[in-house]
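Quick notes on the structure that follows.
The values are calculated or read from the model by the stated rules, or taken from the named source; none is laboratory data. Model, not experiment: these values are computed from the prediction. For neighbour counting, all protein chains shown are included, and Cβ atoms are generated from backbone atoms with ideal geometry for every residue, glycine included.
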Amino acid sequence: MFRRLTSRLRVDWMKLHRLLSLVPGQSAGRDPAQDSDRRNIGLLQSVRLALLMHMFIRAVQVPPFARSNDVSRDDVLEMVLSLRVDDALAQLRRAYPVIEPEITDFAVDEETDYPDHRGEDYGAIRARFIDPIERAHALNIRIAVAIANYFGAHG
């Protein structure tokens with residue numbers, strides 16, 4: 001299926017450039033500068049698509065967490081897949097806090113030895129899933145801005 005799609009897109013690309021060469025004022029042959037620009041834009045877009053796939057794969061791999069404040073894991077996945085990545089990251093950070101409260105954070109009158117060991121935080125989950133999604137998203141935005149700037153699309 002993907003091979004057919006790739007082949008169809010390649011044929012469409014070739015037809016488009018043949019038609020563009022027939023436009024008055026265009027050079028008859030290939031323009032090396034234009035070809036270089038097209039390759040650069042194509043490369044940027046390819047990297048962007050790879051980053052999106054990386055974000056989607058990482059988001060799907062996030063371990064299940066308890067539903068809180070009417071936000072579930074499925075809601076977070078939907079946020080990522082609809083490119084509301086900042087909202088999804090905020091929810092994931094709430095679901096997997098790195099700083100865990102200690103008994104000394106609360107005013108208690110009685111002595112206690114519970115818990116007798118420090119709880120484990122979610123640092124590993126953040127490092128393996130949340131931080132990579134955040135880095136990929138930031139880079140994705142920078143690439144999108146670079147592509148938009150090339151075409152003069154501002155605002």
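Tabulated values for the structure
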{"item": "Restricting segment 19-54 to residues that are over 13 Å from ILE143 (Cβ atoms), hydrophobic (A, V, I, L, M, F, W, C) and part of a helix (DSSP H, G or I), the residue that is modelled with the highest pLDDT", "result": "MET53"}
{"item": "Residue that is surrounded by the most Cβ atoms within 10 Å (Cβ to Cβ), among those in segment 71-113 that are in a helix (DSSP H, G or I) and acidic (Asp, Glu)", "result": "ASP87"}
{"item": "Residue in segment 120-136 that is among the small types (Gly, Ala, Ser) and at pLDDT 95 or above present", "result": "yes"}
{"item": "Complete set of residues in segment 57-67 that are touching a helix residue (DSSP H, G or I) at 6+ places or on another chain (Cβ under 8 Å) and either closer than 16 Å to ILE130 by Cβ or crowded, with 18+ Cβ neighbours inside 10 Å (or both)", "result": "ARG58, ALA59, VAL60, GLN61, VAL62, PRO63, PRO64, PHE65"}
{"item": "Residue check, LEU92 among the aliphatic types (A, V, I, L, M) and within 13 Å of the chain's Cα centre (by Cα)", "result": "no"}
{"item": "Test: residue in segment 73-94 that is at pLDDT below 90 and of a type in the set (Ser, Thr, Tyr)", "result": "no"}
